[in-house]
1. I'd like the residue in segment 178-193 that is in contact (Cβ under 8 Å) with a residue 40 or more places away in the chain and part of a loop (DSSP other than H, G, I, E, B) and, out of all such residues, is surrounded by the fewest Cβ atoms within 10 Å (Cβ to Cβ).
2. Every residue in segment 344-361 that is assigned to a helix (DSSP H, G or I), crowded, with 18+ Cβ neighbours inside 10 Å and not hydrophobic (A, V, I, L, M, F, W, C), please.
3. Are any residues in segment 326-343 assigned to a helix (DSSP H, G or I) and modelled with pLDDT under 90, and if so, which ones?
4. Can you say whether F296 is surrounded by 14 or more Cβ atoms within 10 Å (Cβ to Cβ) and either at pLDDT 90 or above or under 30 Å from V233 (Cα atoms) (or both), as far as the supplied structure shows?
5. Among the residues of segment 530-548, is there at least one that is of a type outside the set (V, I, T) and over 29 Å from F613 (Cβ atoms)?
6. For segment 183-197, what are the residues that are more than 15 Å from F152 (Cβ to Cβ) and of a type outside the set (A, V, I, L, M)?
7. Which of the residues that make up segment 345-403 are among the acidic types (D, E) and farther than 30 Å from E639 by Cβ?
8. Give P52, P36, P76 a once-over and let me know the one that is in contact (Cβ under 8 Å) with a residue 24 or more places away in the chain, touching a helix residue (DSSP H, G or I) at 6+ places or on another chain (Cβ under 7 Å) and part of a loop (DSSP other than H, G, I, E, B).
Amino acid sequence: MEPSTIQLLKRMYESSIPKMEKISWWSFLGFLGTFPLSVSISQIFAVLSMLPILLLSLDSSSRNRLKPVLFLFWIPIGIYALVFLSSLFHFLEYKNFWKSFAKESEAGDFWMSLLLLVGYFHASKAENGKLLERFLWISFLILLITGFISVFLEFRLGKFISNGFQYLSGDRRQHPAGVVFNRWTYLPIGMMNTHLTFGGILSFYIPGLYLLVIKRMQKKEWSKTILVGTLFVLTCVLFLLNQSRSAWLGVGFVCLFLTLGLFREVRFSQSKSAWFKIILLLLAFSALLFAGKFLFERNWLLQRSIRQLTEVQTPENQRYWIYKNSIPIFQKTVLLGIGGGRFKEEHKIISDRMIGEDEQLWYELEITPRGHSHNDMLQFAITGGWFAGVLYALFFGILFSLAFRYDSRQDGFSLVGVCSLWIAGFFQCYLIDDEVALPFFAFCGILFARTPPLPSSKFQDFLSSIPRKVWAFLVISILINLIFWSVRLQTKPALAYSRQIKTFSPEYAKILENQILPFRSEREERQSKLSQKDLVPVEWASQPFQVEGCLTHRFGNPPRIRKDPFGFEIHVRVNSKNPPRMASITVIDRDAFDEDQRYFSHTQRDLQKREIFLKEGWNRFVWKDRKTQKVEESSGFPENLFFRDFRITYSGFDPQQPVELPILDFGDLCDVSNPP
């Protein structure tokens, strides 16, 4: 190419620099305004904002603007690169490598981290500050408004709007949350696809709102304090309704971190105004607790979420099964990982092995979401090797150091909430979700641009500037998480499993659950339960309860129709205090699909009702499907699969005294054999 042509192209490029920067800037604002509304549209704006930045990187002045953030940017790129290299190592194990890379592999998400550069590039320009701040508020308000609207909609808001403000057959229903003020409410998801996605994005804003309340009080701007405080309380109420327990923990920690910083300020400043701020914060916190108590008492899902935080043996807690079968995958290839997009198939192999040992676990393991490990750090370590997990921890170490260096007195919506994904990511995979990862990387770039710069942009200098307390926190939090799950995973699968029980009261259901014997392989636990006695009020004992039975098919590929009858035994202890003398048993036909995927409950119908007299010792109940209750062949789960459940009502006891509940034994698979 002739020198004159090169000079011409160079001049054309230099003259187009302002236009490219403008295109990227307005596209980035378009992304901020649309990501709470549509992931597809926001992705278009995201790509339009990235392409000019890549071209601008050819310009020396633009490169200098990006230079301080490059080391932070290369960390997620390194994680995705390790996943890709691991995938290449396992190339022959893929059915279609490039299809898996594009659709399923974590490495295919590498382009999203470019938003970190875009966010930093535009936020570092002082004249962009006001407009950027407005769009951050716009995105937050859109999230808040759509969230509250979705609380009262039976179907997803995004689908409702795209269908022309009407419901169509086949639309997914939302998860019901409970009745508030005589009206059904649902888990808020805004315009997102899942409530977990909505909770993850909302967690980016809550710590920033908390800081804003403090700032307004510091400046004695009481009208703004009330306004921002009201928004903060409303957001927290929405956050509680959302049921994202992992995000609760993440936000709770970041807000605690900010609160401790405020108390540190008070310790050195004994002024009345500082203590006045503390009192106001305590009052606001009390109001938030009152609102939380009100919602807790009227929201059964919230009650269940809190209760399950301390339980392992629960029908709804699937993380036990996810982690139980994820650790062997990690141990299989600690150094190199298994490659992107292969987690699901590897998890299924281990799950099928577990089902072979205890077939009653089939349904439980089949509906367990196994597309990912529900732990961001573990997911990257499994797919890219242990060093990918180390890079992930390093990335959040830098984010927390930014939070330490962030000046709480500066104006603007703080985005320190991105740090919440460190704790939240121990219980959920947020960074493999496009809807969460895109704003996350954009906000990381903005947060970095708003943090006071270091004298040197060298990577080693930045590492040395990270406070020791940050490293200590990262290590301690990882150790706590490891210890927590190490203890929980010591529970055997046979003892972690629990049959679903439906009755009028969660407390009564828990007592009934304790009266069901585990599988026959757990002899000591069975003998222990036989010696336990539970007395309940007559009002409880006379209420019917429905116990999850077994499937109409046996495990296999394809599933086989069950030929054996269904049965269980009721054991009345010798010398029981006021035991029931009769049991009314109704056999129930119930659907067996994944309710979390289909978003509606299992339908069921009664098949037959019988009454049996209960004597001391073992009392057997056996039932076999009749020809009129035809069971069809299945090509795979959950096609034509149904449960045979049992609704039991006890009677024949003294109505003036507490009732001692009998033991229920379903054997290994609703099969009757010699009792222990």
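The values are calculated or read from the model by the stated rules, or taken from the named source; none is laboratory data. For clarity, every value in this text was computed on a predicted model and none was experimentally measured. Note that each Cβ is placed from the backbone with ideal geometry, even for glycine, and that neighbours are counted across all protein chains shown.
1. Top of the filtered list is N193.
2. Scanning segment 344-361 gives E346, H347, S351, Q360.
3. Residues of segment 326-343 assigned to a helix (DSSP H, G or I): 326-332, 343.
Across segment 326-343, the qualifying residues are Q331, K332.
4. Working: surrounded by 14 or more Cβ atoms within 10 Å (Cβ to Cβ): yes; either at pLDDT 90 or above or under 30 Å from V233 (Cα atoms) (or both): yes.
When the stated conditions are applied, F296 passes them.
5. In the first step, residues of segment 530-548 are kept if they are of a type outside the set (V, I, T); the result is 530-535, 537, 539-546, 548.
Keeping just the survivors that are over 29 Å from F613 (Cβ atoms) gives none.
Among the residues of segment 530-548, not one is of a type outside the set (V, I, T) and over 29 Å from F613 (Cβ atoms), which makes the answer no.
6. Listed by number, the residues that qualify are N193, T194, T197.
7. Selection gives D376 alone.
8. Working: P52 fails: part of a loop (DSSP other than H, G, I, E, B); P76 fails: part of a loop (DSSP other than H, G, I, E, B).
Unique residue meeting the criteria: P36.
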